[in-house]
Amino acid sequence: MYTTLEIEHQGSAAWLWMNKPEVHNAFDETLITELTLALRALDADPAVRAVVLAGRGKSFSAGADLGWMQRQGAATLEKNVDDARQLANLFRTLSCMATPTIARVHGAALGGGMGLAAACDICVASSKAQFATSEVRFGIIPAAISPYVLRAIGERQAYRYFQTAERISAERALALGLAHEIAAPEALDATVHTLLAALQAGGSGAQAAATALIRAVANHPIDDALVEDTAQRIARLRATPEAREGLAAFLEKRAPSWVP
């Protein structure tokens, strides 16, 4: 179905592999379109409890394919803007998924690759991974990825890295808040599986509601409207079958029905 992707189902987790190793999984029109479609399809599949985004070959993703970028630079403004919108829509699609997402980052995650890592809910990086917002070295800016990178590392750090395009080590990415955890290369998949097991212990409806809660509360003043919204959210959730099952399972000292 896809020419640039592989989808591997492992239990209730879908491992979505970018599969252009010869160009370090660099973006072009096809990869952008296929990633967007695949993410939407997986998010709509009730059998998928989590999505792991990964890259085949030596790199997670080296960002935009420079040949594609050159073509866009020579295109009309209308065509250029349309392609930029498609790229921006890919990151929004990933960031707004109700299904939990994990970036499995190894090797290079540059430009848009760093954007993918930042747009996922959770980022696990190999100790040998390297990140960068490298765009200024090509005379452009990290526009499409900026909302997600800023959310991950903050405005103050972005002033430095958006302008210097320095490589960011896995350890530095952890300190910045971009990566949640780092692991030795041989332990990377085991670390991802540990997180997947933790995700499976939660109710899928509650997890979707939790991500919606974060988006509703983050960067908003704690005023009467926000306090009322949080009260409404928990009240509605407590009345759901999933919540009743979760509370009953705890009181009965058993696993809830959604745990494999």
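Just name the residue that is surrounded by the fewest Cβ atoms within 10 Å (Cβ to Cβ) out of those in region 1-24 that are of a type outside the set (Asp, Glu) and within 17 Å of Val124 (Cβ to Cβ). Here the answer is Gln10. The residue list Leu77, Leu66 contains one member that is surrounded by fewer than 16 Cβ atoms within 10 Å (Cβ to Cβ), over 25 Å from Val192 (Cα atoms) and touching a residue at least 60 places away in the same chain (Cβ under 8 Å), which is Leu66. When Glu181, Glu186, Glu252 are checked against the criterion of being touching a helix residue (DSSP H, G or I) at 6+ places or on another chain (Cβ under 7 Å), open to solvent by 50 Å² or more (accessible area, probe 1.4 Å) and among the acidic types (Asp, Glu), Glu181 stands alone in meeting it. When region 7-31 is filtered for residues that are touching a Leu at 6+ places or on another chain (Cβ under 7 Å) and assigned to a loop (DSSP other than H, G, I, E, B), the ones remaining, listed by number, are Asn19, Lys20.
Scanning region 83-125 for residues that are farther than 18 Å from Ala38 by Cα, open to solvent by 10 Å² or more (accessible area, probe 1.4 Å) and in a strand (DSSP E or B) yields Ala108, Leu110, Ile122. Being modelled with pLDDT of 95 or more, of a type in the set (A, V, I, L, M, F, W, C) and touching a Gly at 6+ places or on another chain (Cβ under 9 Å) holds for only one residue in Ala210, Ala231, and it is Ala210.
Restricting region 201-214 to residues that are open to solvent by 50 Å² or more (accessible area, probe 1.4 Å) and touching a Ser or Thr at 6+ places or on another chain (Cβ under 9 Å), the residue that is farthest from Pro100 (Cα to Cα) is Leu213. The residues of region 229-254 that are of a type outside the set (D, E, K, R) and without any contact (Cβ under 8 Å) to a residue 24 or more places away in the chain, listed by number, are Thr230, Ala231, Gln232, Ile234, Ala235, Ala239, Pro241, Leu247, Ala248, Ala249, Phe250, Leu251.
For region 45-103, a tally of residues being aromatic (Phe, Trp, Tyr) and at pLDDT below 95 returns 1. Consider region 126-156 and keep the residues that are part of a helix (DSSP H, G or I) and aromatic (Phe, Trp, Tyr). The one that is surrounded by the most Cβ atoms within 10 Å (Cβ to Cβ) is Tyr148.
A count restricted to region 40-58 and to residues that are within 30 Å of Gly139 (Cα to Cα) and either touching a Ser or Thr at 6+ places or on another chain (Cβ under 7 Å) or open to solvent by 10 Å² or more (accessible area, probe 1.4 Å) (or both) stands at 5.
The values are calculated or read from the model by the stated rules, or taken from the named source; none is laboratory data. Quantities reported herein were computed from a predicted structural model and do not represent experimental measurements. No Cβ is skipped: glycine too gets one built from the backbone with ideal geometry, and neighbour counts run over all protein chains shown. The area values use the complete protein model at the heavy-atom level, side chains included, leaving out ligands, DNA and RNA. Shrake-Rupley method; radii C 1.70, N 1.55, O 1.52, S 1.80 Å.
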